[in-house]
Every structure is written in C-alpha cells, then in structure tokens.
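S.K.: Below is one structure. I have some questions about it.
The values are calculated or read from the model by the stated rules, or taken from the named source; none is laboratory data. As the structure is a prediction and not an experimental result, all values here were calculated from the model. Cβ placement follows ideal geometry from the backbone for every residue including glycine, while neighbour counts extend to all protein chains displayed. Surface accessibility is based on the protein's heavy atoms, side chains included, excluding ligands, DNA and RNA. Shrake-Rupley method; radii C 1.70, N 1.55, O 1.52, S 1.80 Å.
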Amino acid sequence: MKSFSLKHRIILLFCLMTVLIMPLSAQKLTMDVLDKSYTEYYNNMILPDSLKKAETNEEFIRMNGAREGVITDKNDLQYLVVTEGNGLTYRHHDTDFIIYYNGFLRNGTLFDSSSTHGGPVQFGFNEVVRGLSTAVKKVPRGSRMIIYIPPKLGYGKKGIKGVIPSDAILIFDVEIP
C-alpha cells in the first residue's frame, strides 16, 4: 500500500469530498482554483518571466543562478529548495529513490509527471538523467525543490525524439516523500 504525506492525504481527501459532495459546476470551479494556484506557483517560482526572456541555455543558467535562493554546483546543475524536509538524505550507497514530480522544458511544456503514473514514482539512481539523481541527494526527504538540469546532465544533444529536443534544459518540480 502506498504511503502518502499528510499534505497529499489532505489533498486526496479534499478531491474525494469535491467529487462526492459538490455539484459539477462547483467541482469545475474548485479545479480551476487549484489549476490557477499551480499556474501562479509555476510563474513565480519555477519559471518567472525574467527567465523566459533568456535566448540561450548559457544565458538561462546565468540569469537563473542570479535568482535569490538558487544554488549552482560546479556542473551548472541548479536547484532551489522551496521547502526543506527533516528526513534522511539519500546517499551514494542508496540504489533507488521515490519522488513526486513535474518535468518541464524551458518553454513551459510539461513532458512528464508522476501524476500520470498514479502518484509518487520509484526510480533507480541509474535509471534517470544524472542531474536528477544528483539533485535528489542534496536535500533531505520531505523536501520540495525545483531542479534546473543543463543538457550535459540531461539528455544532451540526443534528446528524446518527439518529447525532449536536443540540448534542452530540463526543469523538475520535485517533492521527496
């Protein structure tokens, strides 16, 4: 049986109540409010307008690195800790990890999400791009972070045909339960 964080249990309960109790018109209004809330979070935290103006990956990384709270490592992997958890941190000897995530391109296209897989997803550290596996090890469980992965730590020049273009910066909104 899956274990959900308190926050996710509250959201699940709210959604269940919405479906069971509210008329359809109110259900749509509630979902619109939730969508609007995430859109505001996306526009303010994940990809603010100032970053949308970047013409090159290098300019994007430079501009993003100048934002308050964004940490850049020696490989240009960037991350912003939105909420710091208090659980254990994944270590080099761990073989897999569990996350909720939304994956975006620089243009705002959502290319993958754990919600399409039915909830949090378990990955092997060797099953994902290096930038994601590196970033997840930087914060304790219970954290929420936004990860900006340069092409050299993502899919590089090859990309994924029809999904991720060549030399794409990958942006992940991640929660580590």
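S.K.: Given a 1.4 angstrom probe, what's the average accessible area per residue across the stretch 85-139, in square angstrom? Can you show the working numbers first?
M.R.: On the way: 2910 Å² over 55 residues.
Solvent-accessible surface per residue comes out at 53 Å².
S.K.: Could you tell me the calculated FRET efficiency between ARG91 and SER113, based on Cβ-Cβ distance and R0 = 30 angstrom, to the nearest 0.05?
M.R.: Working: r = 27 Å, r/R0 = 0.89.
E(calc), rounded to 0.05, equals 0.65.
S.K.: Compute the length gained on full extension between VAL163 and LEU105: take 0.36 nm times their separation in residues and subtract their Cα-Cα distance, giving the result in nm to one decimal. Kindly include the intermediate steps, with their values, before the conclusion.
M.R.: Details: separation 58, 0.36 × 58 = 20.88 nm, distance 0.96 nm.
This chain segment gains 19.9 nm when fully extended.
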